[in-house]
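> Here's a structure for you.
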Amino acid sequence: MTKLNELTVKESIEGLKAQAFTSVELVQACLAEIARLDGYIKAYIKVLAEEALAAAQAADEQIRADPEIFNQKPLLGIPYACKDNYSTKGIETTAAANILRGYIPPYESTVTEKLKHGVSTDASDFFVTRNPWDLSKVPGGSSGGSAAAVASHMCTFAMGSDTGGSIRCPASWCGITGLKPMYGRVSRYGLISMASSTDCPGPLTKTAWDAHYVLQVIAGKDSKDATSSNGDVKALTNSVAGLRIGVPKSYFAVDFETPAIKQTILDALKTFEKAGATLVNVDLLPPKYAVAVYTVIQRSEVSSNLARFDGIRFGQSRNAFGYEARRRMMLGAYTLSAGYYDEYYTKAQKVRTLIVEGFKKAFSAADIIVGPTMPNLPVPIGMLDSSPIFGELTDMMQLPGSMAGLPVVSIPCGFVSGFPIGMQLIGPHFGEAGILSAAKVFQDTTNFHLQMPSGIKELT
Amino acid sequence: MPSHKKMSAEEIVHIAGLVKLQLTPQEVDKFSELIPQTLATIDVLQELDTIGVEPTSNVAGLADVYRDGTQSTTLSQAEALANAPDRLKGLIATKGVFDRS
């Protein structure tokens, strides 16, 4: 029998509605799994057990009084994990950084406010989080805690954030569904800023249906975020018949760790074809240009955003910045400094325009674009320091979508050497429903997303 | 085109000053090699012709966003002070801006 913590959001809501089980039982099942597994995986910074149980009890009372309450509170009683870079009022928020140790936000982020009817635990990566598929490997970052928590069923879904692949990379390496919504679709208010022109809050889930469901709750215009957009999240469709899937040759011409990864994506494209979709070639700039654009723009925005951490109003002194933050700020300060601004920053912004225009052209011939999420398998713990742009190189296929602000979902589409492989589906602006519908059709006809890491089953 | 030679310690300390970082001598040494290395990876941008291309800074497609001119709640004094490590008479104590002595 499926354990309650292994259920999807959809199954959990159906069970709560039918009163087959309670929210308290859902939360207890997740807490029991956290107690069993998190000593090994280390996904959570903080587990808000008492708060979650109290919220679950309150949810159960509301559901008993009105089983239709999900129409108003779509995620009532559902246990979720949240990356520790969403400001949560009265609860220490650290972004897993020493500079924020002890910081207790006096306000709530818009996303966690909207999820208030859910039941939150708190996830992130202050220490090394491990990949549930192989504890000697990383889960991918930086929403790795959130992804590992979902993949090991220590929560029903999780929230992460994606600046240059930070939802899609760990979703791919942990074998789950990760949605980076369109830039501006979900309010950034209260999300600790990294690169403000590409930061996107988004869900990590067990299915595409769940990602769409959570997106409907968190999307929308927010007066506290001037870059947020209005626009309905369209309903899912159940068919890809007639769908034009763009296949960018340049995304398949990169260096894969093994040709089997590329083959897995090509096989997934055949599955779409069998379901009635048409494949069309599209021309996009090779991802290496997006890597360079991202490196300049992200470092520049980081150096500017991190200026607020002065240790005067909150947090620790600037000496508390870790090496990674220092490295990024140093490059950003250089590329923004007098004499180098035009050569680096303006040039990168111009190439960013070329990337945006390339996608616009591609979307006149295709409805969605499909490519690999990662060119390599999860790397061993400790390997991330080998290059100053190691993260950019492994995330290279995700950076074009980030730079253009497009919605992208990564879903599992096969296995290589026992590791899940992710494929990304890229949509035009406001095109989340299109990519998630295609992802749902794929998940309706395959079972890659249902596989569970076997190595953690026997741990106690 | 920049040559991406190792940067001098003076240059590194100057950049660190721009972002108010105090670096250890080891970090100065490390960054003097690392920054040129990273810049070398950015050189691919020069391969693309961007004459006449406008820079993009915002991809949300929005312009002239204003909020309603209505009052909204803000933090109380106690809330605003709660995270400040150094306080003075109900205010946040800062370092002197003009006091350079």
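The values are calculated or read from the model by the stated rules, or taken from the named source; none is laboratory data. Quick caveat, the model's predicted, so the values are computed rather than measured. Every residue, glycine among them, receives a Cβ derived from its backbone with ideal geometry; neighbour counts consider all protein chains shown. Just the protein is used for accessible areas: all its heavy atoms, side chains included, with ligands, DNA and RNA removed. Shrake-Rupley method; radii C 1.70, N 1.55, O 1.52, S 1.80 Å.
> Which aspartates and glutamates does A:Lys457 reach when only Cα atoms under 16 Å apart count, and residues fewer than 8 places away in its own chain are ignored?
Answer for A:Lys457, where 16 Å is the Cα cut-off: A:Glu6, A:Glu33, A:Asp38, A:Asp134, listed by chain and number.
> Identify all lysines with a Cα-Cα distance to A:Lys83 below 19 Å; exclude those on the same chain that are fewer than 8 residues away in sequence.
In chain and number order, the partners are A:Lys42, A:Lys46, A:Lys114, A:Lys116, A:Lys180, A:Lys206.
> Between A:Lys3 and A:Ser337, what is the label-point separation in nm under the 7 Å Cα-to-beta-carbon projection?
In this crude label model, A:Ser337 to A:Lys3 measures out at 5.4 nm.
> For chain B, what number of Lys pairs, 8 or more residues apart or on separate chains, have alpha-carbon atoms under 20 Å from each other?
Lysine pairs, 8 or more places apart or on different chains, close enough: 4.
> What accessible surface, in Å², does a 1.4 Å probe find on A:Phe363, ignoring ligands, DNA and RNA and rounding to the nearest 10?
So the heavy atoms of A:Phe363 present about 40 Å² to solvent.
> Using only Cα atoms and rounding to the nearest 10 degrees, what angle (0 to 90) does helix B:25-42 make with the longest principal axis of chain B?
Once rounded, the angle reads 70 degrees.
> Per residue, what accessible area does the protein assembly as shown have, given a 1.4 Å probe and all protein chains present, in Å²?
Per-residue value: 42 Å².
> Take the solvent-accessible surface of the protein heavy atoms, probe 1.4 Å, and return the percent of it on segment A:92-245 that carbon and sulfur atoms account for.
Here it works out to 52 percent.
> Report, as an integer, the average count of C-beta atoms from other chains found within 10 Å of each Cβ along A:175-187.
If you average over the peptide's residues, the count of other-chain Cβ atoms is 1.
> Excluding ligands, DNA and RNA, what is the accessible area buried between chains A and B, summed over both sides, using a 1.4 Å probe, to the nearest 100 Å²?
4500 Å²
> Another question about this same structure. Quick check: net charge around A:Ala54, other residues with Cβ under 14 Å of its Cβ, Lys/Arg +1 and Asp/Glu -1?
Once positives and negatives cancel, what remains is -3.
> A further question on this structure: Between beta-carbons, use under 11 Å as the cut-off and find the net charge around A:Ser196, counting Lys and Arg +1, Asp and Glu -1.
Summing Lys/Arg as +1 and Asp/Glu as -1 gives -2.
> With a sphere of radius 14 Å drawn around the Cβ of B:Asn83, what net charge do the other residues whose Cβ falls strictly inside it have (Lys, Arg +1; Asp, Glu -1)?
Summing Lys and Arg as +1 and Asp and Glu as -1 gives +1.
> Could I ask something else about it? How big is the C-alpha Rg of segment A:4-457 next to the rule-of-thumb value 2.2 N^0.38 Å, as a ratio?
Computed over Cα atoms of segment A:4-457, the ratio equals 0.92.
> Compute, for A:Phe127, the solvent-accessible surface of its heavy atoms (probe 1.4 Å) with the complete set of protein chains present, and express it in square angstrom to the nearest 10.
Spelled out: A:Phe127, probe radius 1.4 Å, area about 80 Å².
> Something else: Ignoring ligands, DNA and RNA, how do B:Lys95, A:Lys116 rank by accessible area with a 1.4 Å probe, largest first?
The residues order as B:Lys95, A:Lys116, largest area first.
> Moving to a separate point now. Report B:Lys30's accessible area, 1.4 Å probe, all protein chains in place, as a number in Å² to the nearest 10.
Its heavy atoms expose roughly 110 Å² to the probe.
> Obtain the nm distance between the two label points defined at A:Lys360 and A:Phe415 by a simple spin-label model: each point lies 7 Å from its Cα along the Cα-to-C-beta direction.
Once both label points are built, they end up 4.5 nm from each other.
> Work out the length of the dipole vector of the protein assembly as shown about its Cα centre, built from +1 on the beta-carbon of each Lys and Arg and -1 on the beta-carbon of each Asp and Glu, and round it to the nearest 20 debye.
300 debye
> Excluding same-chain residues fewer than 8 positions from A:Lys288, which aspartates and glutamates have a Cα within less than 13 Å of its Cα?
A:Asp255, A:Glu392, A:Asp395, B:Asp43, B:Glu47
> Quick one: if you take sqrt(5λ) for each eigenvalue of the C-alpha gyration tensor of segment A:160-272, what semi-axes come out, biggest first, whole angstrom?
Three semi-axes, in Å: 28, 19, 13.
> Within a 10 angstrom radius of each residue's Cβ in A:318-329, how many Cβ atoms of other chains show up on average? Whole number is fine.
3
> For B:Ala63 and A:Ala65, what does the FRET efficiency come to when R0 = 51 Å and r is the distance between their Cβ atoms, rounded to the nearest 0.05?
Calculated value: 0.65.
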